[in-house]
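Notes for the one structure printed next.
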Amino acid sequence: MQVIQITSLTGHSPYDITICDISYSNCSVVATGVVSAPVTVTVPTLLQSATQLILLITDSIGCKYFEVLNCITPTPTPTITTTPTVTPTNISCNCITFVNNTSTDEGYGYTDCDGFNYTYKIGPYSYVYVCGKDPNVFGGPVTYSMGSPCVANTCPFPTTTPTTTPTTTPTNTPTITITPSITPTISLTPSNTVTPSITPTITPTPSITPTITPTPTYPYVFDPYVYLVPEPQDTTSLTDLGSYMFNSGATSFLGWGNGGVPSTSNYSNDLNIYIHYSGFTGGSGNFITDVSTLKGYIRQLTGTGTDSYGCIQHQYSFNSIELLTTQINPNIQYFYTLWIPLNAVGGSMTNMTVDIGYNIPCSTDIVYNAIPDTILAATNVVVSSGAVIPSNVYRVLWIDPTCLIPSSVPPPSLSSSLFFKGNTKT
């Protein structure tokens, strides 16, 4: 029998404790109304053989703390017993922490950061309340989320320095100390002291050595094109992408569908890993089109003119990009980001507003003059060689949740082209 011992809790008691498998297809509430630590919970029978588990602790005001338990089976330690019929196995867990992120529209199943009521999307039909009041929006269960704290600081989530070990007690009980609280650190107290590590046990594939030192001009080649990156939101695509990100060393971002807009923590490194994902070259499931072909020209001339579709185009904004229904799966949702080489917009950029519409060029029926995340639009992403787009220093535009298209769940089939156009660069 596998159990998890939680030796400290900081937050607003009482607490509810849930254990899920890594795909969130099986979740069980293993304890409710827990007033204080220590507390020991038993891993549900269906999850006893899982190599990875999610431990979720919810306090009385709805704040949730998640811990990914990457379980490794060590050398068996026999138990002294009068009926030697079973040789139990110790289980030790490498604990990796993921935290939550925020956005702005609860109506579409995303963030409504009004203090403590906000939501996140994981797959096309699964929604998560991080500090929520209604766990059944669109019929989705409370399951899993990652990212940064709520803007209102009602539910800040701590970072962890996990320590993992098998216990040597006859019951083979791994001890994991979790602090699901609003304090900035987590106390981990295993039963035996071993050297802590947060290095995944699986060798990253492919091997990537990204740099996080921005070099805005030299030695990067001038590339006057913006790149449109569609991230499919079906469960298989998100699972594959998330596994790749985790195994390749990403520390705070596993893809928009696996946690929302990234935080600034390790931002350049994680985005560099992201754009190296082989799926973005196309031809893999719902990753259909090579992203290097989904690009729009950035106007270099001063003043205002028109693009190839006859739409108004200002200096350093990008022309209309037509995305055909054959270039994506029109029956699922995608989240779109726009990657702009910094040396193609004069070497500096605060932000760039965007127009998006259906069916005809210059249309703005999805959004007009949308303002991307202001902090990330001004933060460099250094893309090393071997990515799906040319190596360069980029600024990435995140417009959440507007760039989830279609916005409704379940999504209607997309019957016409989408048009993305840069409006104004600042």
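The values are calculated or read from the model by the stated rules, or taken from the named source; none is laboratory data. Computed from a predicted model, the values in this text were never measured in an experiment. Positions of Cβ are generated from backbone atoms using ideal geometry, with glycine treated the same way; all protein chains shown enter the neighbour counts.
One residue is enough: does segment 217-230 have a residue meeting the conditions touching a residue at least 60 places away in the same chain (Cβ under 8 Å), polar (S, T, N, Q) and closer than 26 Å to residue 407 by Cα?
Keep residues of segment 217-230 that are touching a residue at least 60 places away in the same chain (Cβ under 8 Å), which gives 217, 220-230.
Of the ones still in play, those that are also polar (S, T, N, Q) are 217.
From what's left, closer than 26 Å to residue 407 by Cα: none.
No, segment 217-230 has no match at all.
Listed residues 301, 238, 228, 254; which is among the aliphatic types (A, V, I, L, M) and surrounded by fewer than 16 Cβ atoms within 10 Å (Cβ to Cβ)?
301
Name every residue in segment 367-396 that is of a type in the set (Val, Ile, Thr) and without any contact (Cβ under 8 Å) to a residue 40 or more places away in the chain, in order of residue number. Reasoning before the result, please.
First, the residues of segment 367-396 that are of a type in the set (Val, Ile, Thr): 367, 371, 374-375, 379, 381-383, 388-389, 393, 396.
Within segment 367-396, 367, 371, 374 qualify.
Considering each residue of segment 3-25, count those that are surrounded by 20 or more Cβ atoms within 10 Å (Cβ to Cβ) and either outside any loop (DSSP other than H, G, I, E, B) or outside the structural domain of residue 43 (by TED's automatic domain parsing) (or both), and give that number.
7
It is to be established whether one or more residues within segment 321-335 are touching a strand residue (DSSP E or B) at 6+ places or on another chain (Cβ under 7 Å) and hydroxyl-bearing (Ser, Thr, Tyr).
Yes - at least one qualifying residue is present in segment 321-335.
If we scan segment 227-248, do we find a residue that is assigned to a loop (DSSP other than H, G, I, E, B), among the hydroxyl-bearing types (Ser, Thr, Tyr), modelled with pLDDT of 95 or more and within 25 Å of residue 341 (Cβ to Cβ)? So that I can check it myself, show each step before the final result.
Quick first cut of segment 227-248, residues assigned to a loop (DSSP other than H, G, I, E, B) only: 233-234, 248.
Narrowing further to those that are among the hydroxyl-bearing types (Ser, Thr, Tyr): 248.
Remaining after also requiring modelled with pLDDT of 95 or more: 248.
Still in the list and also within 25 Å of residue 341 (Cβ to Cβ): 248.
So far as segment 227-248 goes, yes, one or more of its residues are assigned to a loop (DSSP other than H, G, I, E, B), among the hydroxyl-bearing types (Ser, Thr, Tyr), modelled with pLDDT of 95 or more and within 25 Å of residue 341 (Cβ to Cβ).
Inspect all residues belonging to segment 348-368 and state whether any of them is at pLDDT 95 or above, closer than 17 Å to residue 232 by Cβ and surrounded by 15 or more Cβ atoms within 10 Å (Cβ to Cβ).
No, segment 348-368 has no match at all.
Can you name the strands (runs of 3 or more DSSP E) wholly within segment 332-422 that have at least 2 residues being out of contact with any His (no Cβ under 7 Å at 6 or more places or on another chain), more than 24 Å from residue 304 (Cα to Cα) and among the aliphatic types (A, V, I, L, M)?
Details: elements: 334-341, 352-358, 367-370, 381-383, 392-397.
Qualifying strands (runs of 3 or more DSSP E): 381-383.
Given (1) surrounded by 17 or more Cβ atoms within 10 Å (Cβ to Cβ); (2) at pLDDT below 95, where does residue 401 come up short, assuming only one miss?
The number of the failed condition is (2).
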